[in-house]
Every structure is written in structure tokens, then in C-alpha cells.
Number of protein chains: 2
Amino acid sequence: MATTFSLSCPIPLQLTDRILLGHGSGGKLSAALLSDIFFRAFQSPVLARMDDQAVFEISGTRLAFTTDTFVVKPLFFPGGDIGSLAVHGTVNDLAMGGAEPLYLSAGFILEEGLDMDVLRRVAASMAHAAQASGAEIVTGDTKVVEKGCGDGIFINTTGIGLVRKGVNLSAANASPGDRVIVSGMLGDHGMAILSEREGIGFDTSIVSDSAPLHTLVRTMLDATAGTSLSAIRCMRDPTRGGLASSLNEIAASAGVGIELTETAIPIREEVRGACEMLGLDPLYVANEGKLVAIVAPEAADAVLAAMLSHPLGADARLIGTVRAKHPGLVTIRTVFGTTRIVDMLSGDQLPRIC
Amino acid sequence: MATTFSLSCPIPLQLTDRILLGHGSGGKLSAALLSDIFFRAFQSPVLARMDDQAVFEISGTRLAFTTDTFVVKPLFFPGGDIGSLAVHGTVNDLAMGGAEPLYLSAGFILEEGLDMDVLRRVAASMAHAAQASGAEIVTGDTKVVEKGCGDGIFINTTGIGLVRKGVNLSAANASPGDRVIVSGMLGDHGMAILSEREGIGFDTSIVSDSAPLHTLVRTMLDATAGTSLSAIRCMRDPTRGGLASSLNEIAASAGVGIELTETAIPIREEVRGACEMLGLDPLYVANEGKLVAIVAPEAADAVLAAMLSHPLGADARLIGTVRAKHPGLVTIRTVFGTTRIVDMLSGDQLPRIC
């Protein structure tokens, strides 16, 4: 019997009997946890679509709904803090569904002994970030746990947004021939956190890119008005697990291959250098103010031009193409002209990055 | 100058410079934290209404939106677990706003080393509770923190519900002459947790009352159809801080006094005995499947009768009246015929009860 070579890996990742840090990575262990525990228990078709937000209709109005919990360490870092991050993270998950952010909830878990001034600064930062993103924090909850049972502040933000008429974004929409566009330099957030946390203090100061992306998305959707709103197939903000994980999720969801060109991927020299020093791959490092979009070929130029005109898309680049071959896989043509697979990580490069 | 005696306490509670366990109690320290930090920072009129849920209109549809984080200890207790509690808590906050629960989000913070079977049981329990309450868990998030930086499982649930047409419940609606009705026996949840946590093992087994109240609320609203939907002024589920805290919030919000009759308040003998033994007041002990309603006098009988016809309202009782005098205060006529003030607690009787 002839053996056939397949690029896909059919071996399922076994679930361990204990929770590991890697289960929170956004990588393979996270995916295994989701499918083996949560999807199996909750049995929701909306949840199983694995988009960054649920979209549903209530009385004829299409809404997006998304939740995110923030456990970032340290609480304050160059370019932001847990408060602004908690707002941007949820606003961006709404925006990735083509929704205008409207309302946010905020749920706090505070550790006994937390400095009240720290909480005051975080709340002020959240308020400022919410105002800047046009979302109102309308409901909240606070719990306190004993010293040693928490870690300063954990914040859950959950958001509701209004999905723009005619927009229907989902990873499953990606089709062969579509272009892959990234909105700017990758890896800034992760390296800023790491630098601050580990006291590495890179020569140049790397600053988190944490920002609300809803106006960039608005600009992009406007740019497709001439063709069709469905020209933008889907968008992701590559947070935990970085660009590599987001694209792997899209490839798996749509059953397509994604082919990247390494030389086209925008990465700051400082970030690249810091990653090399630490043995990290910037494609897996978290971003908090970047998006990757899968766009129909006929609309790619217009969408890219619109992004370049927006402050948060000034470094946008076309970085790859969706292919029919190698479904479920992300590959990259390296600077050396070779091709390698960009797999999802099993565990965690950087725990507690968001 | 003549001195006038006032029953209200004008001395503001000073905010400490560190978070205390009592800041999570639902009592005075919680209220101080809300007003000094969160309300000041977020400046939302919806938030400042201090109802258990935000109600707003999107494209003509009135929605309720509420968030709650659960840090209950232990994770499993007689009558429930953190999973079912997380669903019931949020479903009930929606129901208290007159809303039918529709969609839930679930955000998990897991501690490294958590037994996977524990998570599996909790997820199954959440799924079962969601199904029973007609709400679908449609979006989620999982974070993992290092061992010693969390405590097993923390769960945030945030919910969206559809507010019934014509219903407009808010604590501010309570008016002199209104009746106070409670849906059943008080203090079961708190004493069940305490018994399990402290290994007290009361002779009789006290079981948490954790349950979804949306069908009871539906029955109550149906019962007012003959008069006016606004006959039910407001509802609260007296969780953290118990009945005393819920009624104090209503009294403060509406600027009314609330007068209770001690002999009318339904409390199980076992709960009363356990509370006496431990020096606790059952009026401050948490419930997770009870509600207190403020109802216009002309509708009180019909609403009470409707409650008594529902399994979750079988022990419902009329326990008091809203008064114009002593605005902001809750008083109780004791079994001895004297009257005492039922103030909010400063700190915490029982931390991590939900």
C-alpha cells in the first residue's frame, strides 16, 4: 500500500488531568480545553463557531456579544494598564464582528490588601478608554478574595455592540484567493509586558499597542461600500497566541490553507531583536491594537488603502493569500525562500499577557 | 437652638487605603467603594441607578444587561455548585429587571493545577442550569493563573435579557403604602455554604436555595395584568448582604422608609437555630433563589396569590410596608413589640458566599 504524505497532524492532543498554564495560552491546549470541556458541555452552535464574539438577532436587531477576562501581570505597563486593556480587548472583539461598541459590563475580583490608589488609577483608566471607544460601562460587580487567593486585580469586561447592516463576518467565510492584510507592526504588546515584568529593560522602549480598533474597522467597511460588504470575510485581533494562532483558527474554521510571505510581515526592529534574544517567535507574540483581515481579492487594494489612511493602520501590509491546498494549515515563505508550517503552539510562550 | 433627633446617619464611611474583605460584602463598605471609586470614575447615569441590571433600548428593543463574578468557596455545596450558582445569579439579576433571560457569557479564571474533573463537573452543572433557565451560553473566555494566584475556579457570567413590554422596574419606584413581599424562607444559601465550609455539620441538612427565578417573575407579572404592570415597583434577589441590604438599597434609592414585621418573615427553624448558635442575623444571610418585591397595595393580594401558586413562591409572605417617614431607613417591629433599625452591615458576615 502506498503511503501518502499529509501536512495535517491527525494526532489529537490529549487533555491532561490538571489545568496547566498553557491551557490559557490561546494555543493547542486552550483549543483542547474548549472542545473537550466547554463545547461538549454547552452545546451551543453560536459558541461552536469559535468567532471572537457571538452574533445574534433580538427583535430584528443584530447584536454582537463578547466576554474577556484580564489577568495581565504587571497591572501597569508601558502603553497601558489592566483597565485600558480590559476595555480595548472587549471593544476590539466587538469590532472584529463588525459591530459598533455600545455597552460594557465590568466585573472585578480584588485581592484583600490591594492598594486603593491602584484601584482608583485602574478605574480612571477604564473610564477614559471607554469614553474614547464610545462604549458606556453600565453595569458592574465587585468581589473580594482573601490575600493569596487572587493577584491584585482581575477584570472581566463583557460587551454588547450593534452589528452594521449587511455585515456578516465569520472565520468560516475565508475563501481561496482572498488576501490576508495585517493592520500594523506585530508583537509590541507582548514584548512590552515581558520587558516590564521580567525587568529586562530593552535599550529601546517597546510600548504596548493597546488601542480600540472600532474606527479602523468602520473605515475598512466604508471602503468596501463600492463592492460588497461581504468583501471583508472576517477579522481577528491577534491577542494571546499572536498572528499565528489567529490565522490557524481561521484556516481550521474555513477549511482553507493560508500562505504568508515572511518579508511582508511588519515587525519593529526592537521587537524582532528582543524576540531573537529571548528565543521567541514574534508571530506568536500578543497584540492588543492590531487586526488581521481576510479580504476578497477585488476589494483588497481599496481596503488596504483605507487602512493606510487611518492612524491605527498606518503600517498596514498585505502579508499573504488564502489557498485551497493544505486546508487547515498556515505556511510561510521564509526570507530564505523555503516554506515552513506556522503551527499553533501547544502551550504558552508568555503567560498572563492579557 | 433646639436639637432635632434624626434616625439617619449622616457620617460618611471613610474609605480605607487598602481593600478589605468587607468591600465585597454588599454592605456599607461595598457601597462606599462603588460611590468613591467606580461611580466617580465611570459617570454613567444607568450605573448610578444602582439596580441589579442595566436596562437600555437598542433600535427600539428594551434589553437588560447584568454581570456577576462568582468566587464562592467551596466550589461544591449542598444544593449546588459554583457553576449552577453562576447561571442562577445572572439569570435572577435579569429577572429582577422584568427580563426574560436570553444569552449568557461565561468567563473563567482557572488556577494552575486545578483538577480537570472538577472543571468538567462545573461546566456540566452550568450547562444544565442554563438549559433549565432558557438561556444559552453563547460566548466565553478562559484564563489560567499560576498556582497561588487564584483559588480553583472563578466564574464571571454576564447576561442579556429581553425586558417585557410595559414593565419598568426600578428601586426608585417604591412609594409609601406599597407592600413588601418575600418569596420564601430566608438564609438557606448562606447557612448551607457556611455549614459546608466550616465543617460545622448542623444536625439537619440545610440546602442552598439556588434556583432560577424567571418563571416566578413571569407569574407575578402576569398577575398584575388586570391592574397595571407598574403595580410591581421593583424586585431584588437578596444575595450578598441578605434581605436587610436589598431593602436598605431600595429605601435609599426611593427615599422611603420600609417597616417590617419580624413575626411575618419566613425563616426555617434549622436556619434560625444555626444563626443563633453562630451569632448571625438571618436578615443579612445570602439567598440565591429568593426575591423581595415592592408591590402597589391594590395588587399585593393578587401578586402574593400568584407567588403562592408557584413552586418557588410556595412560602411567600407579606412582610412589611413602605412608609413616607424615616426615608432611607429600614425598621423592624420585633417579636417583643419594640422597633429597631435594620441597618446595612459595614463589613462582611460571611465572605465568599457567592
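The values are calculated or read from the model by the stated rules, or taken from the named source; none is laboratory data. Computed from a predicted structure; not experimentally measured. Glycine also receives a Cβ, built like all others from the backbone with ideal geometry; neighbour counts cover every protein chain displayed. SASA here: full protein model, heavy atoms, side chains in, ligands and nucleic acids out. Shrake-Rupley method; radii C 1.70, N 1.55, O 1.52, S 1.80 Å.
Some values worked out for this structure:
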quantity	calculated
Carbon/sulfur fraction of accessible area - chain A, other protein chains in place, 1.4 Å, %	53
Distances in nm from A:Pro74 to the matching label points in the other copies, shortest first (labels 7 Å along Cα to Cβ)	3.9
Protection-proxy order for peptides B:168-176, A:250-258, A:149-157, each taking the mean of Cβ atoms within 10 Å per residue, highest first	A:149-157, A:250-258, B:168-176
Kirkwood hydrodynamic radius (C-alpha pairs) into Stokes-Einstein, the range B:171-341, 25 °C and 0.890 mPa s, D in µm²/s	152
Amide H partners (placed H, <5 Å) of B:Leu102, local residues excluded	B:Ile160, B:Gly161, B:Leu162
Average beta carbon contacts from partner chains per residue of B:96-104, 10 Å cutoff	2
Viscosity 1.567 mPa s, 4 °C: Kirkwood-radius Stokes-Einstein D of chain B over Cα pairs, µm²/s	63
3J(HN,Hα) from dihedral phi, the range B:48-60, Karplus parametrisation 6.51/-1.76/1.60, rounded to Hz, x for glycine, proline	5, 5, 6, 6, 6, 8, 8, 10, 8, 10, 10, 6, x
Accessible area that becomes buried as A packs against B, both chains, 1.4 Å probe, Å², nearest 100	6600
10 Å Cβ neighbours from other chains, averaged over peptide A:122-129	3
Rg over Rh [alpha-carbon atoms, Kirkwood Rh] for the range A:174-240	1.12
Exam field: A:Leu278 pseudo-label spacings to other copies (7 Å along Cα-Cβ), nanometres	4.6
Relative intensity, log₁₀ I(q)/I(0), of the protein assembly as shown from a Debye sum that treats every alpha carbon as a point, q = 0.06, 0.10, 0.11 Å⁻¹	-0.36, -0.93, -1.09
Karplus 3J(HN,Hα) series, Hz, for the range A:230-239 with 6.51 cos²θ - 1.76 cosθ + 1.60 (x for Gly, Pro)	7, 5, 8, 6, 6, 9, 9, 9, x, 8
Calculated [θ] (222 nm, deg cm²/dmol) that DSSP helices of n ≥ 4 give over the protein assembly as shown, each run adding -39,500 (n - 2.57)	-8000 deg cm²/dmol
Segments A:334-341, B:282-289 sorted - mean Cβ within 10 Å per residue, highest first	B:282-289, A:334-341
Where a label projected 7 Å from the Cα of A:Lys165 along Cα→Cβ would reach, residues of the range A:62-106 with amide N under 13 Å	A:62
Å² of accessible area per residue within the protein assembly as shown, as computed with a 1.4 Å probe and no ligands counted	37
Shielding by other protein chains, A:339-346, mean Cβ within 10 Å	0
Per-residue ³J(HN,Hα) for the range A:97-114, Karplus 6.51 cos²θ - 1.76 cosθ + 1.60, θ = phi - 60°, Hz, x for Gly and Pro	x, x, 10, 7, x, 10, 10, 10, 10, 9, x, 10, 10, 9, 8, 3, x, 4
Inter-copy label distances at A:Ser230 (7 Å, Cα→Cβ; nm, one decimal)	4.7
